[in-house]
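The values are calculated or read from the model by the stated rules, or taken from the named source; none is laboratory data. Computed from a predicted structure; not experimentally measured. Heads up, the Cβs are rebuilt from the backbone with ideal geometry, glycines too, and the neighbour counts pull from every protein chain shown. Only protein heavy atoms, including side chains, enter the accessible area calculation; ligands, DNA and RNA are left aside. Shrake-Rupley method; radii C 1.70, N 1.55, O 1.52, S 1.80 Å.
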Amino acid sequence: MALLSVAITGARTWLNDDAANVWTDAALIPKCQEAHRELQTKLWLVGSPAVRKVSAAQSIPATTGLTLTSAITDMLTPFKIVEYADTVETIADATEITEVNFLPNKAQSTKLDFWCWKEEAIAFLGASAARKVVVYYRKLITVPTTTSDAIGIIFGELYISARAAA
């Protein structure tokens, strides 16, 4: 995987400054960072698997109104959640939970049934029995801050160098 220094070298080539007389690392790093964020957005919009991830099973206790926040540290936003019984089922038995804009005012069942993305946390109506959930989500690819940091996207240096130079 390429380092940010590779993208910076490429940007200098586009800028006709291979000797770094005008465009220093300090001048190009913010431009490369912006290009990196833009590339992540473009990858998301075209449905690239490079920015999608599936969580490990998360245990949800039997309770009313709960949220799942810090369990998945690289999550930007979820797009699908499946659930299954905590003890008697496996992921093969999982069913998709319905996403809603606001949790409905209804009685709990043995399943979670509904989820919503609220204040950067996953909110559930709750269930009368413990459940496990698996979250499918858009992941964060860390934006490089120094020349020795990895870009984190295969062939990302090609896009980042040209975009930073532009």
Looking only at the range 47-75, which residues are open to solvent by less than 70 Å² (accessible area, probe 1.4 Å), touching a helix residue (DSSP H, G or I) at 6+ places or on another chain (Cβ under 9 Å) and in contact (Cβ under 8 Å) with a residue 12 or more places away in the chain?
-> ALA50, VAL51, ALA57
Report whether or not GLU96 is acidic (Asp, Glu) and either in contact with a His (Cβ under 6 Å, 6 or more places away or on another chain) or at pLDDT 95 or above (or both).
-> yes
What's the number of the condition ASN21 fails, among (1) open to solvent by 40 Å² or more (accessible area, probe 1.4 Å); (2) outside any loop (DSSP other than H, G, I, E, B); (3) more than 24 Å from ILE141 (Cβ to Cβ)?
-> (2)
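Condition test on THR41, is it outside any loop (DSSP other than H, G, I, E, B) and modelled with pLDDT under 90?
No, not satisfied.
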Could you grab me the full set of residues in the range 98-147 that are surrounded by fewer than 16 Cβ atoms within 10 Å (Cβ to Cβ), polar (S, T, N, Q) and touching a Ser or Thr at 6+ places or on another chain (Cβ under 8 Å)?
-> SER109, THR110, SER128
Could you look through the range 148-166, keep only residues that are of a type in the set (Val, Ile, Thr) and buried (at least 16 other Cβ atoms within 10 Å of the Cβ), and pick out the one that is nearest to ILE8 (Cα to Cα)?
-> ILE160
Tell me, yes or no, whether the range 89-105 has at least one residue that is of a type in the set (Asp, Glu) and in a loop (DSSP other than H, G, I, E, B).
-> yes
Of the residues ARG138, ARG131, ARG163, which single one is at negative phi, modelled with pLDDT of 95 or more and of a type in the set (Lys, Arg)?
-> ARG163
